[in-house]
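Step one of this worksheet: look at the structure below.
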Amino acid sequence: MEKKLVIIPTYNEIENIVKIIEAVFAIPGGYHILVIDDGSPDGTAAAVKALQPAHPEQLHLVERSGKLGLGTAYVTGFRWALERDYDYVFEMDADFSHNPEDLPRLLAACTEGGADMSVGSRYCDGINVVNWPMGRILMSYCASIYVRTVLGFRIFDSTAGFVCYSRKVLETIDLDAVRMKGYGFQIELKYTAHRLGFRIAEVPVIFVNRKEGTSKMSGSIFGEAFWGVLALRFRKLHSAK
């Protein structure tokens, strides 16, 4: 059986973290979890530690000092996974905007469908977003159109944060060269994988706005993504090998 790791970055997710961990472990297939917590003052890391004795081989925690950015959290997690020989690595939010029951569908797109990387897509089959303000939906949808226009990149949901990577994708991408730290990181990783010739599949999912906790989205995150996409268009590509 393939070794599978779900990376969940957290900052102040005490309302969600125990429930999302239990929901992932309820999915058949033996998924492991790595929580990367950026010094949450609300006790998120302590809640994870309290669960670890019940899941000694499956539940892991990396604690960082302060908010260092979503992108750096995932890069830390990718390196952790590669060192421990995981075959498939997932990105997933802690707030249930991504349904853990969709994990097997993302995995199947790679193991059965032949993709190197799969994306839980809000926009490849219409607009599948629940309980988001209209302004937020328009901003996100238009951002994906902007990315396709500037980069000539045929992915409908390039900013999606629900992703499955095969090991060979993460081994090939030069993680040291990743520049964007916010949600632009999602665009950068997908575009880099595309330019390296990997096959990316989009799997339609329903994105549900968080019910508990506070969103970490900000105007500066969108600003980084806007200008970062322009920089990606002209950046020379390097792989890790």
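Where a number appears in this text, it was derived from the coordinates with a stated rule and is not lab data. From a predicted model like this one, the values you see are computed outputs, not experimental measurements. Note that each Cβ is placed from the backbone with ideal geometry, even for glycine, and that neighbours are counted across all protein chains shown.
What to note about this one:
- Take the Cα of Lys3, go 7 Å toward its beta carbon, and the backbone nitrogen atoms of the stretch 101-128 under 19 Å from that spot belong to 107, 111.
- Considering only Leu232, Met139, Gly114, the residue lying farthest towards the positive end of the dipole of the chain is Leu232, judged by Cα position with unit charges set on Cβ.
- Rough spin-label spacing in nm, given labels placed 7 Å along Cα→Cβ, for Arg148 and Arg79: 3.6 nm
- Of all beta bridges that DSSP places with both ends in the chain, some 25 percent have antiparallel geometry.
- Here the Karplus relation 6.51 cos²θ - 1.76 cosθ + 1.60, evaluated at θ = phi - 60°, turns the backbone of the stretch 47-57 into coupling constants of 5, 5, 4, 5, 8, 4, x, 7, 9, x, 9 Hz, with x for every Gly and Pro.
- The chain: relative contact order in percent, alpha carbon pairs under 8 Å with at least 6 residues between: 23 percent
- Projected label distance in nm at Asp176 and Ile206, using a 7 Å step from Cα toward the beta-carbon: 4.6 nm
- Each Lys or Arg adds one and each Asp or Glu takes one away; over the other residues whose Cβ falls under 14 Å from the Cβ of Asp102, this sums to -3.
- Taking a Cβ cut-off of under 15 Å around Arg199, the surrounding Lys, Arg, Asp and Glu residues balance to a net charge of +2, with basic ones at +1 and acidic ones at -1.
- The count of lysine pairs in the stretch 4-234 with alpha-carbon distances below 16 Å, taking only pairs 8 or more places apart or on different chains, stands at 8.
- 3J(HN,Hα) along the stretch 185-193, derived from phi through the Karplus expression 6.51 cos²θ - 1.76 cosθ + 1.60 where θ = phi - 60°, amounts to 4, 4, 5, 4, 5, 5, 5, 5, 4 Hz, with x in place of Gly and Pro.
- FRET efficiency for Ile137 and Asn99, using Cβ-Cβ distance with R0 set to 30 Å, rounded to 0.05: 0.95
- Alpha-carbon Rg/Rh ratio, for the chain, with Rh computed the Kirkwood way: 0.93
- Dipole check for the stretch 4-234: with +1 at the C-beta of Lys and Arg, -1 at the C-beta of Asp and Glu, and the Cα centre as origin, the magnitude is about 640 Debye.
- For Lys49 and Phe234, the FRET efficiency from 1/(1 + (r/R0)^6), where r spans their Cβ atoms and R0 equals 35 Å, is about 0.20.
- When each of the peptides 54-63, 96-105, 77-86, 156-165 is scored by how many other beta carbons lie within 10 Å of its residues on average, the order from highest to lowest is 156-165, 96-105, 77-86, 54-63.
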